[in-house]
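All remarks here apply to the structure that follows.
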Amino acid sequence: MPQENAASGPQSVDEIREMVQQAAKQDSNKKKVLIAVAILLLIAFIAIAFVIFQPAQPVPPAPHELCENGLQDAGEDGVDCGGNCEQPCVPDFIQYFAVKPASVTDVAVNEAAGRIYVVDEARHYVMIYDLELNHILNIGEIGDEETYKSGSKEKGALFIPAAIALDSQGNVHILDRDKRVQKFSSEGEFISETRFEANILETFPKMEDAPHIDGAGISMALANNGKYYISDELSSIVAVFSSDLKLEKAIGGRGSGNEQLVFPGQITLQGDKVYVADSGNGRVQIFDLELNYFHSLTGPLKRPYALDVDKAGNIYVLDAWDSKLRVFGESYALKEETGGLGMEIEMFYNPSSIKIASSGKIYIAEQGTVRVQILGADLKNVNTIDGIFGGSVTGFPVFYVAVAPDGRIAVSEPTNNRVSVFSSTGRHIKSIGKMGFGNEEFNMPKGVAFDSQNRLFVGDSWNHRIQVFSKDLEYVTSITHPELYWPVEVEVADDGRIYVAEDTSKKVLMFDKLGEFIGEISASNGITLPLGILAEGDRLYITDDLEKTIEVFDKDLVPIESIGGIDEGTGAHVEFNESLALDSQGRIMFCDNRNRAVVVYDFGTKQFSTFGDFGASADELSVLEIDISEDKKTIVVSDLYNKMVVLFDGTGKQIGEITVENIPIYS
């Protein structure tokens, strides 16, 4: 049958109906196909959107990349700035950081208002919690979503808060390093700002210093009449100020007599008496409200640092020497004691403040463990505010190094409370020490040095002493002194004279070869913040981290030369650490943490050069220490970031490395 012409139309109604039905069927099939395609496209779009827009998954922090200041500032996203983080220290977990302090230096309690106040000087906060330890808000916080900040001198913000006290109305008074006291309501609302007089630094030089510069602190108590009682550890002074911060009376000055003080810690009021932890003199001094001497409490105290008095007149004292909490009652007799040095519950590690609430509960701020322990009247722990352990910026736990005349290398491990000794080729020989305050026990050991007899000297910083060990690493003796409070760097000259950089007093203390105190190097010698010390030949070299100079003296402390312009000469802002060395050409070498390198200064050409490349990237700070062998053939540099000691030859060429195992940096 011939095919019909397509141009010709249908011949009947039935044919038209059949064509319409077929067209409808085809259209239906097309719609089904289109719907199926649309569904598939929608599923694909959703899948793509899920991949693109799904919530960010936790990103493991970089392997301990140290920030410039140990804190998470703008532009440091994804950098592990320290802290035993339950979750990575990145912006996805801001809430974690917002509710936990990164440092704990003081505490106050207002049980009537249901509030606990914790000073977090590292982040320029005072953190408010309720009595169930739920975080409420932060006094001093700037902005809505900043994790850490550099502080502010604006009203209502805080710049390195140093101390806290409550008045009888429950208002919160906070002293910060901008030389002022700000008052806030119990809920953290700014009320007023009062400033100290312009010459306050003459009485309290610590009022301006940053906490990472030295280990000293300030404590404050507030009387019912509005007067402020303040102790300053650095200047060893206690003073009373009017409610408008005019100085009324100051007592102290280093000494052991009545109304003299050595590194006073916490100050507190009860009734008509003022109590001061006279730490360096191993006693609590008690004064009337005009700061006239009344009585001294000694007992079994060695380094009393934190104290408070309850309504019944019982005196609670925490001793920085053995970390024991002791309670003295009627006639100042010892009633009971508890605690000891440790990080467990009901043990204490570098406590800085005690506050006894109206209920009798005891709140203890611990800098070493970044927490507030809460004890009941029976001295048993009932709760704890845990912080971000290791988050404080009061100092990096750098590995300090020293090379003995026989070539052995000593490495101090502050956070492990031990010193490890290696052969000149890096073979482990022996490790000594554990946390404690006895012989061969350490509490944050720092600087190490060998003498000409290969004896080892260790700056046992938080135990306030220098421990001495024989060539065979057996305990020999300890060097102590009232001014030897936070020893950092140790250096032993060829003649046996011992030099110690003292962190609190900002001095270099000198001892003879028998450990007897013979003098000091201080501001009178033009030194403002000594860190590194090197005694070689007839010269003494000291780095001044405040002035950014290296001061050179002869053995009689007559100034010879001041090396300045280091920032300009190296092309960057130099960050000194505590060690120096002279190479075979008589050039001085020191570690520059900021530039992650060893800087070499040539006395002849007055030029600077560098060698080494530490850390992982140009944005990271690597904390370094340096020493050199007696024959000048091996330069030893400890590198905190990489957890190792790097060996170089005399030309700066790397020849080996020692991995320092099991170092719990900020953990």
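The values are calculated or read from the model by the stated rules, or taken from the named source; none is laboratory data. Not measured: the values here are computed from a predicted model. Surface areas here come from the heavy atoms of the whole protein model, side chains and all, with no ligands, DNA or RNA. Shrake-Rupley method; radii C 1.70, N 1.55, O 1.52, S 1.80 Å.
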Open item on the list: Could you give each residue of region 471-479 its phi-based ³J(HN,Hα) in whole Hz, using Karplus coefficients 6.51, -1.76, 1.60 with θ = phi - 60°, and x for Gly or Pro?
Closed with: 4, 8, 6, 9, 4, 10, 6, 10, 9
- [ ] Express in Å², to the nearest 10, the accessible area of residue 295 obtained by rolling a 1.4 Å probe over the protein heavy atoms while all chains stay in place.
- [x] 60 Å²
Open item on the list: On a 23 Å Cα-Cα criterion, which of the cross-link pairs 227/355; 227/311; 246/506; 227/249; 548/632; 183/324 come out too long?
Closed with: 246/506; 548/632; 183/324
Task: Heavy-atom accessible area ranking, 1.4 Å probe, most first, across 332, 228 - done: 332, 228
TODO: Starting from the amide H of residue 270, placed 1.01 Å from N in the peptide plane, find each other amide H under 5 Å away whose residue is 5 or more places distant or on another chain.
DONE: 275
Task: Surface accessible to a 1.4 Å probe, residue 472 within the full protein complex, Å² - done: 110 Å²
TODO: Give me the distance between the Cα centres of region 249-298 and region 152-178, rounded to whole Å.
DONE: 24 Å
Task: Amide hydrogen neighbours beyond the local backbone of residue 477, cut-off 5 Å, H modeled - done: 468
- [ ] Output ³J(HN,Hα) for region 450-461: one whole-Hz value per residue in order, computed from phi by the Karplus curve 6.51 cos²θ - 1.76 cosθ + 1.60 with θ = phi - 60°, and x for Gly and Pro.
- [x] 10, 9, 5, 9, 6, 6, 9, 10, 10, x, 7, 4
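May I ask you to compute the full-extension gain from residue 633 to residue 290, defined as 0.36 nm times their residue separation minus their alpha-carbon distance, rounded to one decimal in nm? Intermediate results must be reported in sequence, preceding the final value.
On the way: separation 343, 0.36 × 343 = 123.48 nm, distance 6.25 nm.
Between residue 633 and residue 290, full extension yields an extra 117.2 nm.
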TODO: Just read off the accessible area of residue 517 with the full protein assembly in place, 1.4 Å probe, to the nearest 10 Å².
DONE: 80 Å²
Task: Accessible area expressed per residue, region 484-612, with surrounding protein chains retained (probe 1.4 Å, Å²) - done: 37 Å²
